[in-house]
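To keep things clear, I will list the structure first and then write my remarks on it.
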Ligand SMILES: Nc1ncnc2c1ncn2[C@@H]1O[C@H](COP(=O)(O)OP(=O)(O)O)[C@@H](O)[C@H]1O
Ligand SMILES: [Mg+2]
């Protein structure tokens, strides 16, 4: 049953690419249209004020053009964001501090490091929890508690404490990312490692299998579908953690820093461009995990 | 030496609703090479008794010996192979890989494993399917693979808990015939739990009739059928008389309702 649930998205994606393009395009068009209308409405106030102050009368077409071409709009129009994105991605050498590719790389490297640490910690803790009753009772409450602390409160503390210890750059951000990503892995792995039913473990006992034989040959392979489902959540969480960690640090690098400096200077186009890069990054990372998931589970006969 | 020897075996489960007497004063002796069926209504302790022999449960009273040893020691000496109602094959292993699993756990060499896998696959008539994955096989074939897995390490006892219960009648007949042939060829001692009177009579040299609350043996019937049993033996008067006796035994256990 779980296999079917976990693999359902895979099947759906295949169908998407073959026949369901029209509904997707329709939804996209509706979003863009709503976005344009919202941009006009939200940016119009400022234009009207300006016009009143200058004592000129604005015609409707004039007003519309102006709301869509402001320098610092309240809500930039889609084409402005697209231009900002293009400028940031293709208009700069990738090593430039104004390149979104460079900032994305800074964020991505911390995300991947944090994801690796978080996944490692989550898996190890899960193994401990499944094998030891006392760990089950002692670790789980702390793990849950760790996730109830708002990350926005924790992140600055970690950054400040670590930088006072002389540790800056990738590591503090990776730790925040790991903080958010270990939890889904822990929960998924605990569930996964416990999936083998009584019959499966009885079979193992009937062969007098040792604990480690049971783990490597039965529990670990059985847990993989759950692990992959968790990894998809964890990698997106790691990205969020990294971006949050880039906000308070006074950092000048990374998508989080771009978001923050954009809001300091009212550069809404910059904010939205950075947001879009972050979204694209998240989607790409999740898609990569999904591909690895599908390949692995298909090879293992767990996906059908 | 007897293969299975139970003297006054009792097993009481302590549950939230109070004690459940799954087995009470069970006496049974099984000689080497016998085919013993356990039959009785649900909850009469058939599974519990089989699991006790396999050291998957520990009796709370009496003595139980398997090949003259404590069940635990017998298990470590690889005295038995266990077959459950569901095949329980690993989906990520091929049929050969699944049969190989207990052999790997027990530390057989690679060459030895290959030889054994080939031999037991031939025994259950699955030769040529070694490279297939479980989902590529029918339910009956999967269950044959799980029997092969239980045979691979040469245990001389085969314990089977309703192994064909989930299969349809036609497949079941085929498998019963094959199991009987396998038993004659290998000379193993087989303990077989079933709900079906014809199945029990067709297969067994000894039929153990059980009854619930508390779980106990009400009758032990020694079969008079010859070891060679074509399927149509089920229409002979001898067979019908035995089936009648089993039915009588089952009714006795239910005299109160
Ligand atoms: N692990 C257990 N804990 C508590 N009660 C059990 C357990 N296993 C079996 N029982 C009870 O013991 C009795 C015998 O069960 P079982 O041996 O499974 O019967 P059968 O296989 O003949 O249907 C039943 O009443 C059942 O509910
Ligand atoms: Mg049972």
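From the list B:147, B:105, the lone residue that is closer than 22 Å to residue B:56 by Cβ, away from chain A (no Cβ under 11 Å) and not in a loop (DSSP other than H, G, I, E, B) is B:147. Looking at B:31, B:6, B:22, which one is within 16 Å of ligand 2 (Cβ to nearest atom) and more than 14 Å from every other protein chain (Cβ to nearest Cβ)? None of the others qualify; the one that does is B:22. Whether a residue is within 14 Å of chain A (Cβ to nearest Cβ), in contact (Cβ under 8 Å) with a residue 24 or more places away in the chain and within 16 Å of ligand 2 (Cβ to nearest atom) was assessed, and residue B:89 does not pass this test. Contact annotation: residue pairs with Cβ atoms under 7 Å, 6 or more positions apart or on different chains, pairing a residue in segment A:120-138 that is over 21 Å from residue A:181 (Cβ atoms) with a partner that is part of a helix (DSSP H, G or I) and at pLDDT 90 or above, are A:136/A:129.
Every condition in (1) under 27 Å from residue A:213 (Cα atoms); (2) within 13 Å of chain A (Cβ to nearest Cβ) is met by residue B:166 except one, and the failing one is (1). Give just the number: which of (1) within 16 Å of ligand 1 (Cβ to nearest atom); (2) more than 18 Å from the chain's Cα centre (by Cα); (3) within 14 Å of chain A (Cβ to nearest Cβ) does residue B:73 not satisfy? Going through (1) within 16 Å of ligand 1 (Cβ to nearest atom); (2) more than 18 Å from the chain's Cα centre (by Cα); (3) within 14 Å of chain A (Cβ to nearest Cβ) one by one, residue B:73 breaks only (1).
Considering segment A:136-210, the qualifying helices (runs of 4 or more DSSP H), each wholly inside and each with 1 or more residues that are at pLDDT below 90, within 16 Å of residue A:233 (Cβ to Cβ) and out of contact with any strand residue (DSSP E or B) (no Cβ under 8 Å at 6 or more places or on another chain), run over A:151-164. Here A:248, A:221, A:225 are screened, and the one residue that is touching a residue at least 60 places away in the same chain (Cβ under 8 Å) and outside any helix (DSSP H, G or I) is A:248. Does residue B:122 count as more than 10 Å from chain A (Cβ to nearest Cβ) and out of contact with any strand residue (DSSP E or B) (no Cβ under 6 Å at 6 or more places or on another chain)? Yes, satisfied.
Summed over segment B:34-55, the residues that are at negative phi and away from ligand 2 (no atom under 16 Å from the Cβ) give a count of 2. For segment B:34-52, filtered to residues that are away from every other protein chain (no Cβ under 14 Å) and under 13 Å from the mean Cα position of the chain (by Cα), the residue that is nearest to ligand 1 (Cβ to nearest atom) is B:46. With the condition kept exactly as written, say whether any residue in segment A:233-241 is surrounded by fewer than 24 Cβ atoms within 10 Å (Cβ to Cβ) and either within 14 Å of chain B (Cβ to nearest Cβ) or farther than 16 Å from residue A:111 by Cβ (or both). No, because not a single residue in segment A:233-241 is surrounded by fewer than 24 Cβ atoms within 10 Å (Cβ to Cβ) and either within 14 Å of chain B (Cβ to nearest Cβ) or farther than 16 Å from residue A:111 by Cβ (or both). From the list B:175, B:158, B:151, the lone residue that is more than 22 Å from residue B:102 (Cα to Cα) and either within 16 Å of ligand 2 (Cβ to nearest atom) or touching a helix residue (DSSP H, G or I) at 6+ places or on another chain (Cβ under 9 Å) (or both) is B:175.
Among B:55, B:79, which is more than 26 Å from residue B:250 (Cα to Cα) and within 16 Å of ligand 1 (Cβ to nearest atom)? Residue meeting the stated conditions: B:55. Residue count for segment A:282-304, restricted to those that are within 14 Å of chain B (Cβ to nearest Cβ), touching a residue at least 60 places away in the same chain (Cβ under 8 Å) and surrounded by fewer than 16 Cβ atoms within 10 Å (Cβ to Cβ): 1.
Just one of the listed residues (B:58, B:63) is in contact with a strand residue (DSSP E or B) (Cβ under 6 Å, 6 or more places away or on another chain) and more than 11 Å from chain A (Cβ to nearest Cβ), namely B:63. Looking across segment B:189-200 at every residue that is away from ligand 2 (no atom under 15 Å from the Cβ) and either out of contact with any strand residue (DSSP E or B) (no Cβ under 8 Å at 6 or more places or on another chain) or modelled with pLDDT of 95 or more (or both), the one that is farthest from the other protein chains (Cβ to nearest Cβ) is identified as B:198.
The values are calculated or read from the model by the stated rules, or taken from the named source; none is laboratory data. Keep in mind that this is a model prediction, so the values were computed, not measured. Glycine gets a Cβ as well: all are built from the backbone with ideal geometry, and neighbour counts include every protein chain shown.
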